[in-house]
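As structure tokens, the structure follows; a few thoughts come after it.
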Amino acid sequence: MVTITDSVKYIGVDDKDIDLFEGQYVVPNGISYNSYLILDEKTAVMDTVDARRSREWLDGLRKELGGRMPDYLVISHLEPDHAGTVGELLKAYPDITLVGNAKTFSMLPNFFDVEGCKKLEVAEGSTLSLGKHTLRFLMAPMVHWPEVMVTYEETEKILFSADGFGKFGALDTEEDWTCEARRYYFNIVGKYGAPVQALLKKAAALDIAVICPLHGPVLKEDLGFYLDKYNTWSSYQPEDKGVLIAYASIHGNTAKAAALLREQLLSLGEEKVAITDLARDDMAEAVEDAFRYDRIVLAASSYDAGLFPPMEDFLMHLKAKTYQKRVAAIVENGSWAPSAGRKMREYLESMKEIRILEPMVTIRSTVKKETEEQLRKLAETIRHA
Ligand code: FEO
């Protein structure tokens with residue numbers, strides 16, 4: 001059971017049998033849909049949950065309300081993993097007042113028929129008194145949808161941070177926060193670094209004791225650690241010194257070159273060299289590692305006079321997430337007319353502040369003595385970049 005304070009209750013639910021979160025992300029330890037209830041003279045429900053867990057959530061809400069009625073539903077984010085149960089809640093409690101901003105109320109009818117229900121429109125800095133507790137609303141557009149807002153509860157100094165500071169993984173799972181929060185951040189919010197920076201500026205002006213996100217654990221201690229991670233991530237600065245080697249190999253020869261380059265880098269004293277097989281490994285983790293480290297190596301086979309699709313897919317993901325401010329090296333493979341290097345370069349050149357290390361290494365089908373030497377030289381260049 002998650003404990004927050006005497007009058008602020010956790011009423012979220014875990015989802016451990018979802019196959020893909022948001023239709024694409026593997027979540028080996030599930031996901032939590034967080035939701036909170038503030039009990040005061042008035043009661044406020046802070047977001048609902050995914051429709052996959054409506055019944056369980058409504059049962060938990062009823063239990064915590066102990067026969068009272070919920071006065072307000074604060075909708076901080078309309079994405080269905082949070083607002084998916086608004087319709088069910090309205091059926092159960094038709095007198096509840098929905099609290100959202102102008103954008104919330106313009107988008108809400110896309111999901112539910114809210115004709116005739118009670119609505120309270122709030123804007124930047126609006127407050128809502130519940131009795132001893134006062135909610136202050138701060139707009140956070142594009143963290144991660146346009147209608148997103150966060151709520152600061154002034155008495156107990158709680159920031160209800162919407163998707164911000166969220167992570168993959170159900171709450172009954174003991175696991176490191178950083179790894180799954182980083183994979184969550186870069187894949188889900190990663191494109192929106194500037195809006196996250198804007199939100200961090202607003203947060204810096206608040207005295208925050210507790211952060212209540214919409215996924216993952218409630219954060220109560222060492223908040224500077226989490227704020228610092230978010231500042232690094234949203235400013236696109238590398239978090240760690242290290243190299244990600246991302247490869248896409250048809251018959252295993254490019255994979256061998258990637259493994260060899262890794263060995264060479266390690267023997268040169270490079271401490272962190274992650275490697276990922278883009279055809280088999282988790283794409284979201286490859287994206288996460290690309291952002292985590294300061295250098296990246298792209299190694300791919302040529303294909304159909306272009307690029308082997310798993311690498312093209314990876315580069316499209318990086319481009320969509322506004323990958324930038326990194327150092328990159330290229331290794332291509334081609335048996336008769338290598339084309340992969342040109343395509344990888346085009347992608348990298350279309351991104352901001354990517355320094356490409358020269359020369360690119362071209363493998364002709366298999367790694368030979370001569371390519372081994374070229375890879376060794378590339379390893380040295382990467383090591384000193
Ligand atoms: Fe957790 Fe953007 O929804």
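Pairs meeting the criteria (first residue in segment 222-243 and more than 22 Å from GLU271 (Cβ to Cβ), second residue open to solvent by 40 Å² or more (accessible area, probe 1.4 Å) and assigned to a loop (DSSP other than H, G, I, E, B), beta carbons under 9 Å, at least 6 apart or on different chains) are LEU223/ALA209; ASN231/GLN237; TYR236/THR322.
Given the structure, is ALA51 over 22 Å from SER161 (Cβ atoms) and of a type in the set (A, V, I, L, M)? Talk me through it step by step, then tell me what you get.
On the way: over 22 Å from SER161 (Cβ atoms): yes; of a type in the set (A, V, I, L, M): yes.
Yes, satisfied.
Answer yes if at least one residue in segment 109-132 is among the basic types (Lys, Arg), closer than 23 Å to ILE31 by Cβ and in the same structural domain as LYS191 (by TED's automatic domain parsing), and no otherwise. Within segment 109-132, none of the residues are among the basic types (Lys, Arg), closer than 23 Å to ILE31 by Cβ and in the same structural domain as LYS191 (by TED's automatic domain parsing). I'm trying to understand the selection: among the residues of segment 247-270, which are out of contact with any Lys or Arg (no Cβ under 8 Å at 6 or more places or on another chain), assigned to a helix (DSSP H, G or I) and aliphatic (A, V, I, L, M)? Matches in segment 247-270: ALA255, ALA257, ALA258, ALA259, LEU260, LEU261, LEU266.
Looking only at segment 282-311, filter to residues that are touching a strand residue (DSSP E or B) at 6+ places or on another chain (Cβ under 9 Å) and of a type in the set (D, E, K, R); which one of those is farthest from SER365 (Cα to Cα)? Among those that are touching a strand residue (DSSP E or B) at 6+ places or on another chain (Cβ under 9 Å) and of a type in the set (D, E, K, R), it is ARG292.
Check segment 72-84 and report whether any residue there is more than 16 Å from the ligand (Cβ to nearest atom) and either at pLDDT below 95 or closer than 22 Å to GLU153 by Cα (or both). I'd like the intermediate steps shown before the answer.
Of all residues in segment 72-84, those more than 16 Å from the ligand (Cβ to nearest atom) come to 72-73.
Now restrict to residues that are either at pLDDT below 95 or closer than 22 Å to GLU153 by Cα (or both): 72-73.
Checking segment 72-84: at least one residue is more than 16 Å from the ligand (Cβ to nearest atom) and either at pLDDT below 95 or closer than 22 Å to GLU153 by Cα (or both).
Per the conditions (1) touching a helix residue (DSSP H, G or I) at 6+ places or on another chain (Cβ under 6 Å); (2) surrounded by 17 or more Cβ atoms within 10 Å (Cβ to Cβ), the sole criterion not satisfied by ARG262 is (1).
Beta carbons closer than 6 Å, at least 6 apart along the sequence or on distinct chains, never pair a first residue in segment 68-84 that is on the phi > 0 side of the Ramachandran plot with a second that is buried (at least 20 other Cβ atoms within 10 Å of the Cβ).
The values are calculated or read from the model by the stated rules, or taken from the named source; none is laboratory data. Being a predicted model, the structure only gives us computed values, none of them experimental. Neighbour counts are summed over all protein chains in view; Cβ atoms, including those assigned to glycine, are modelled from backbone coordinates with ideal geometry. Keep in mind that these areas ignore ligands, DNA and RNA; they rest on the heavy atoms of the full protein, side chains included. Shrake-Rupley method; radii C 1.70, N 1.55, O 1.52, S 1.80 Å.
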